[in-house]
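Bear in mind these aren't lab numbers, they're just calculated from the coordinates by the rules spelled out. Please read all numbers here as calculations on a predicted model, not as lab measurements. Cβ placement follows ideal geometry from the backbone for every residue including glycine, while neighbour counts extend to all protein chains displayed.
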Amino acid sequence: MIIELNERHSLIINKDEEYNCYDVELVEYHPNRVIKFPMERYSEDALKEEYGICIED
């Protein structure tokens, strides 16, 4: 799933079924390039606390 935070930033979120968490990548868009920051793992509660995102299955 891709969530656009604003015109320059998006989150790519994938559920990791094996570890019951979410793999999250922050993507930053610039006129001539795209920067992907390293993936981080979040529990459902941490994802809500950090980004204010609730994911319902």
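Points to keep in mind about this one:
- From its DSSP helices (H runs of at least four residues, each -39,500 (n - 2.57)), the chain gives a residue-normalised ellipticity at 222 nm of -4000 deg cm²/dmol.
- Expected-Rg normalisation [2.2 N^0.38 Å, Cα atoms] applied to the chain: 1.16
- Working from label points 7 Å from Cα in the Cα-to-Cβ sense, the residue 16 to residue 48 distance is 2.1 nm.
- Point-to-point label distance, residue 35-residue 2, nm (Cα→Cβ direction, 7 Å offset): 1.9 nm
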